[in-house]
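Written below as structure tokens is the structure these notes are about.
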Amino acid sequence: MYRGVGRGLVDESDAAPACTLRPSPQSQVLVHTLRLGLRPILQRAHGGVPIGVLRAAIAGGSRLVPLDRRVRVEPLTKKRSSGTSNSSDDIPPPPVDGEWVRTADSATDGAVLYLHGGAYVFCSPRTHRVLTSRLAVDTGLPVLAPKYRLAPEHPFPAALDDALDAYHWLLAQGIPATRIVVAGDSAGGHLAATLAAELCRTGGPAPAGIVLFSPWADLTCELSVAWDRECRDPYIVPALGRRFGMLYAGEHDFEDPRLALLRCTTTGLPPFLIQAGGADALRSDAEHLAEVLAKIGVACELQIWSGQMHVFQVLHMLLPEARAAMRETGRFVRTVIGAERASAAA
């Protein structure tokens, strides 16, 4: 089995780890096609397309992806309608909107809190159901995806406040922190790591573990822009991220400890699993974050999946690497919560 800490990679078995094998033919074709087709379009659209148009396009595209038949989605609404509720009267309503994604036999004593990506400006729990549904299957846990507030209408710290509220609401439902794993992709990865650090800074109960898919660790995009000169992600344009990072930060300085993950000195953080693609726009972010965590004594597994692009896990219905990465995530989650009852999906 492959394990990695920081930039160091360690092979603990005689077999080659899946993340270091040559990319599959499906992956190579997809990456080549996107790099030649989609990225140039996004490059030209830099700064020229209104945020509202991009949000609508992303939302519309997500509706074309069928829901995994092994899961069901249960809406979670902040406000109760008159005379009705999606919970019993003795349970307080959730502090944020969102949704549960669960299988028929999901555990009831644990949960994954999933924070979606989208540069803090786009996306929603619905756009990320392809990930949350697979997490529910591979971990055996229900997945709570909150609909946190987005910039620029709601700049920092609105998203962090919503994530913290969702986490504390899970605790209020009787789910112990030792049975909660916080996960997120891209900007959601930044938010998940920030949430864990903020809990430790304020003396709150830390979750059992943190899972990050292609985390956006450097909101200034200095790392990703530099890395982009060496290896271009098939569709992510790092220069776009600078604009969105500024929209999210608002009036706050990027050196704010709740924004500057790469300056983290917080101790007591839970174990991390960080996955990124070899051709990922945020590969350098992932590697530097793993180094920071290692320096402050945090257990961290870093997996760089050869030839893969940004948040490649979303393509698990197409790519064998994505399916293997999700199985690795399931293995990590079951390990940190001390349960091996959930079996990985084929």
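Couple of notes before you dig in:
- When the criteria are applied in full, Tyr235 meets the requirement of being of a type in the set (Phe, Trp, Tyr), more than 21 Å from Ile337 (Cβ to Cβ) and in contact (Cβ under 8 Å) with a residue 60 or more places away in the chain.
- For Leu34: the one exception among (1) in a helix (DSSP H, G or I); (2) surrounded by fewer than 13 Cβ atoms within 10 Å (Cβ to Cβ); (3) at pLDDT below 85: (2)
- The set of residues in the range 152-167 that are over 18 Å from Val121 (Cα atoms) and touching a residue at least 60 places away in the same chain (Cβ under 8 Å) comprises Asp165, Ala166.
- Options Phe272, Phe244; residue that is more than 30 Å from Pro25 (Cβ to Cβ), under 15 Å from the mean Cα position of the chain (by Cα) and touching a residue at least 24 places away in the same chain (Cβ under 8 Å): Phe272
- Val237 being more than 24 Å from Ala325 (Cα to Cα), surrounded by 14 or more Cβ atoms within 10 Å (Cβ to Cβ) and not polar (S, T, N, Q): no
- Looking across the range 69-103 at every residue that is within 19 Å of the chain's Cα centre (by Cα) and modelled with pLDDT under 95, the one that is nearest to Leu164 (Cα to Cα) is identified as Val96.
- Here Met326 does not qualify as in contact (Cβ under 8 Å) with a residue 24 or more places away in the chain and in a loop (DSSP other than H, G, I, E, B).
- Condition check for Ala279: under 25 Å from Leu150 (Cα atoms) and either free of Cβ contacts under 8 Å to residues at least 12 places away in the same chain or small (Gly, Ala, Ser) (or both): no
- Checked against (1) touching a residue at least 12 places away in the same chain (Cβ under 8 Å); (2) more than 18 Å from Leu171 (Cα to Cα), Glu99 meets all criteria but (2).
- When Ser27, Ser106 are checked against the criterion of being farther than 25 Å from Ala166 by Cβ, hydroxyl-bearing (Ser, Thr, Tyr), at pLDDT 85 or above and outside any strand (DSSP E or B), Ser27 stands alone in meeting it.
The values are calculated or read from the model by the stated rules, or taken from the named source; none is laboratory data. Since the structure is predicted, the reported quantities are computational estimates derived from the model, not experimental observations. All Cβ positions, even for glycine, are placed from backbone atoms using ideal geometry, and neighbour counts span all protein chains on display.
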